[in-house]
Amino acid sequence: MGVERGREGLRRILEGVRFPVSRDAVVEAALESGADQELVSALRAMPAAEFNEENAILRAVPLPEDEPDSNTEAARAREHGR
């Protein structure tokens, strides 16, 4: 398996996760899946909470704002401003 990166890598990682799931369990799944350091750091920056679905995690992960479909608050604001 290759190194998991970005939003698509996170989606692949989350395919094997059972919900609800804690932030720490998501970080552990990412480490086991070979996520790159940037993705692991972004997951560790999420709130320490339990997540009930994939989309909640995708919204909570502070991915780079210029990444397409990053779903960060700043990216959504830019998309709506267009």
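A short reminder: the numbers here are calculations on the coordinates, not readings from a lab. As the structure is a computational prediction, the values presented were derived from the model and not from experiment. Note that we place each Cβ from the backbone using ideal geometry, even for glycine, and neighbour counts take in every protein chain shown.
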(request) Select from the stretch 1-39 the residues that are within 19 Å of residue 55 (Cβ to Cβ) and assigned to a loop (DSSP other than H, G, I, E, B) and list them in ascending order. (result) 15, 16, 17, 18, 19, 20
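Evaluate the following for residue 9: is it of a type in the set (Gly, Ala, Ser) and surrounded by 16 or more Cβ atoms within 10 Å (Cβ to Cβ)? Explain how you work it out, then say what you get.
Values: of a type in the set (Gly, Ala, Ser): yes; surrounded by 16 or more Cβ atoms within 10 Å (Cβ to Cβ): yes.
Here the answer is yes, as residue 9 does meet what is asked.
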(request) Name the single residue, out of those in the stretch 34-59 being loosely packed, with under 12 Cβ neighbours inside 10 Å and of a type in the set (S, T, N, Q), that is nearest to residue 23 (Cα to Cα). (result) 52
